[in-house]
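Encoded as structure tokens, the structure appears first; notes follow it.
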């Protein structure tokens, strides 16, 4: 079959240029138009968020001023003696501010004065200055006239036991409680509390209960978009204000009790997905997709410090603002489609002839670039240049398969992805290094046949290599029975410390499974010690132009190796440095080991034992015993560092007796030597 040149074939692409030109024009129009309307939508969302923020601040500002007025008007510790005047004042204040459900005064003897609008307008007095204690509820009309009176001896209610009384704090400002569901109205309310001071002495607390219904009505009035919704939510997912108020209180199907509604109770999956996206990424403004539908979302903190756990949420479908752009784009595509139909048959013939082998070549060059060589085969094409290119790619792949036996495929893949030439030299980078070592390997080597020893050590190496690769690490070298690896190079990795810790925990857990099989076969288990350290080191290609090695060098490497050996002194498994703890400590279960000195390095180094990963899967999660060891070892170590050796000794001895903890045994000896130096 006669081969035609690629240049001759490209002449036939003029029909295809019509489609390409149309797509470029329409795509450019769509992208820029969409960006413009989305920018406008984000501006609207921002304005609504600011407006809602100001509305919420104003919503609480008046009650706070009312509490300040009340606290300044109470001048005697025995304010129950002025109940008529104070109840009248409380009544007038809640009439002025109809969104207030109730207002009360309480002192440290348990006396209580309250004016309320819900569930019925009434005043309430609990007088603990009298024996027996008396409670009086007077139901009133809007003019403060008495409708009926109820009295009760020895009432159960004591304001001093309520969270708004106990958790008020030390400052002289209003403390707002977390939202809760009112027992009577079954709607979200908050309580604002403020100290009552007389001559600088705290004599009681003024409290205001405010339902959040008005905020729901305000949110319902915000015209975000055709289908957009604005609402208030707490950081734990409780709905505080929502246009459809039926979701603010939910009846539990099992207990029959009412609770605050949560975002997870909403039927709109797109709102729930937007909230989860915010929780996971903590970005205020973002876009996301649900079932191939795009949405715009905004979650912003309130400016009022006491409401820092509240968020103003706005979620809207992106199509609400992009429909007009899409309609125009559809018209443009209609015109382009008509043009395309005119040249359909010659275009199909040419596309089949040209695009199929080119697409196959593109796929193979990508495989070659990513150092995946197993799928590269010869492509037959009527185009002469494509055949030559395919033969060259196959030849290059055959050569690389030979070199793959000498050069780690992972390193070559990463270096090829950077597109930079490989030269001698390096750069300083902040990386995480890992060293592992087998306990008593010399003894194991002497007592184990060579072939069996090779198989067991290979199983250990395989476990570590797989765990390191799964977490994006690079295995640098094997030093006898030791594995050296690092994270953060050649390609930068922001969470290198965390991934190194996950790999270490995975490897150690998988070693336990290997040891279980060894014990079943009546063979001694393999105990692995691991050291992890994050530091600035030199990383790059070291050697000569004829022989290069990609590795790391520096003081940080020596510290990581030293930490692996430290495990032997403290009977620990995974020893990590404080610098690594700073990078990923909030995601780890660790316990402090000790402060050590490293040879050749000034200063001391705080080290920890890694026990597990927070919020990880079952393989890397700590056991309950390991969690308990972390908690109590931290307490003991804090006492030890503060010089309270006797108290620290008690906790360490308890950990040793209960869990046979090796670290605790070491620290028991150190505590005793501190208490009685003659014992050391």
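Taking helices (runs of 4 or more DSSP H) that fall entirely within the range 575-665, which contain at least 1 residues that are more than 24 Å from residue 436 (Cβ to Cβ)?
In the range 575-665, the matching helices (runs of 4 or more DSSP H) lie at 624-641, 645-659.
Exactly one condition in (1) within 22 Å of residue 607 (Cβ to Cβ); (2) touching a strand residue (DSSP E or B) at 6+ places or on another chain (Cβ under 9 Å) is false for residue 621; which is it?
Unmet condition: (1).
Considering only residues that are crowded, with 19+ Cβ neighbours inside 10 Å and more than 16 Å from residue 210 (Cβ to Cβ), which ones fall in the range 94-120?
Correct list: 105, 106, 107, 111, 112, 113.
Please work out if residue 130 is in contact with a helix residue (DSSP H, G or I) (Cβ under 8 Å, 6 or more places away or on another chain), assigned by TED's automatic domain parsing to the domain that holds residue 105, closer than 21 Å to residue 80 by Cβ and surrounded by fewer than 18 Cβ atoms within 10 Å (Cβ to Cβ).
The answer is no for residue 130.
Out of the residues in the range 163-185 that are under 28 Å from residue 244 (Cα atoms) and at pLDDT below 80, state the one that is nearest to the chain's Cα centre (by Cα).
Once the filter is applied, the top-ranked residue is 182.
Matching residues to (1) outside the structural domain of residue 488 (by TED's automatic domain parsing); (2) surrounded by fewer than 17 Cβ atoms within 10 Å (Cβ to Cβ); (3) under 20 Å from residue 440 (Cα atoms):
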site: 521; (1), (2), (3): no, yes, yes
site: 529; (1), (2), (3): no, no, yes
site: 534; (1), (2), (3): no, no, no
site: 547; (1), (2), (3): no, yes, no
site: 552; (1), (2), (3): no, no, no
site: 557; (1), (2), (3): no, no, no
site: 563; (1), (2), (3): no, no, yes
site: 576; (1), (2), (3): no, no, no
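Based on what the data block shows, is residue 174 in contact (Cβ under 8 Å) with a residue 40 or more places away in the chain, buried (at least 22 other Cβ atoms within 10 Å of the Cβ) and either more than 29 Å from residue 65 (Cβ to Cβ) or assigned by TED's automatic domain parsing to the domain that holds residue 59 (or both)?
Against the criterion (in contact (Cβ under 8 Å) with a residue 40 or more places away in the chain, buried (at least 22 other Cβ atoms within 10 Å of the Cβ) and either more than 29 Å from residue 65 (Cβ to Cβ) or assigned by TED's automatic domain parsing to the domain that holds residue 59 (or both)), residue 174 qualifies.
Quick check on this structure: which one of 647, 609, 583 is touching a helix residue (DSSP H, G or I) at 6+ places or on another chain (Cβ under 9 Å) and not assigned by TED's automatic domain parsing to the domain that holds residue 533?
Answer to the check: 647.
Of all residues in the range 135-168, which are in a loop (DSSP other than H, G, I, E, B) and loosely packed, with under 11 Cβ neighbours inside 10 Å?
141, 142, 143, 145, 154, 156 - these are the residues of the range 135-168 that are in a loop (DSSP other than H, G, I, E, B) and loosely packed, with under 11 Cβ neighbours inside 10 Å.
Within the range 534-558, can you find the residues that are touching a residue at least 60 places away in the same chain (Cβ under 8 Å) and part of a helix (DSSP H, G or I)?
Within the range 534-558, 556, 557 meet the criteria.
Looking for whichever is over 25 Å from residue 218 (Cβ atoms) and either surrounded by 15 or more Cβ atoms within 10 Å (Cβ to Cβ) or without any contact (Cβ under 8 Å) to a residue 40 or more places away in the chain (or both) here; the options are 72, 78. Which one fits?
That would be 72, the only listed residue that is over 25 Å from residue 218 (Cβ atoms) and either surrounded by 15 or more Cβ atoms within 10 Å (Cβ to Cβ) or without any contact (Cβ under 8 Å) to a residue 40 or more places away in the chain (or both).
Hey, among 73, 15, which residue is modelled with pLDDT under 80, over 39 Å from the mean Cα position of the chain (by Cα) and closer than 28 Å to residue 124 by Cα?
Residue meeting the stated conditions: 73.
With respect to residue 204, is the statement that it is assigned to a helix (DSSP H, G or I), crowded, with 23+ Cβ neighbours inside 10 Å and assigned by TED's automatic domain parsing to the domain that holds residue 112 true?
For residue 204, the condition - assigned to a helix (DSSP H, G or I), crowded, with 23+ Cβ neighbours inside 10 Å and assigned by TED's automatic domain parsing to the domain that holds residue 112 - is not met.
Conditions (1) loosely packed, with under 15 Cβ neighbours inside 10 Å; (2) in contact (Cβ under 8 Å) with a residue 12 or more places away in the chain; (3) closer than 25 Å to residue 139 by Cα; (4) not assigned by TED's automatic domain parsing to the domain that holds residue 109, marked per residue:
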position	(1), (2), (3), (4)
50	yes, no, no, no
54	yes, no, no, no
83	no, yes, yes, no
92	yes, no, yes, no
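Please determine whether any residue of the range 512-519 is surrounded by 14 or more Cβ atoms within 10 Å (Cβ to Cβ) and either part of a strand (DSSP E or B) or in contact with a strand residue (DSSP E or B) (Cβ under 9 Å, 6 or more places away or on another chain) (or both).
Checking the range 512-519: not a single residue is surrounded by 14 or more Cβ atoms within 10 Å (Cβ to Cβ) and either part of a strand (DSSP E or B) or in contact with a strand residue (DSSP E or B) (Cβ under 9 Å, 6 or more places away or on another chain) (or both).
Can you confirm whether the range 410-431 contains a residue that is in the same structural domain as residue 554 (by TED's automatic domain parsing), in contact with a helix residue (DSSP H, G or I) (Cβ under 9 Å, 6 or more places away or on another chain) and modelled with pLDDT of 70 or more?
Among the residues of the range 410-431, at least one is in the same structural domain as residue 554 (by TED's automatic domain parsing), in contact with a helix residue (DSSP H, G or I) (Cβ under 9 Å, 6 or more places away or on another chain) and modelled with pLDDT of 70 or more, which makes the answer yes.
The values are calculated or read from the model by the stated rules, or taken from the named source; none is laboratory data. These numbers were taken from a predicted model, which means no experiment stands behind them. Backbone-built Cβ (ideal geometry, glycine too); neighbour counts: all protein chains shown.
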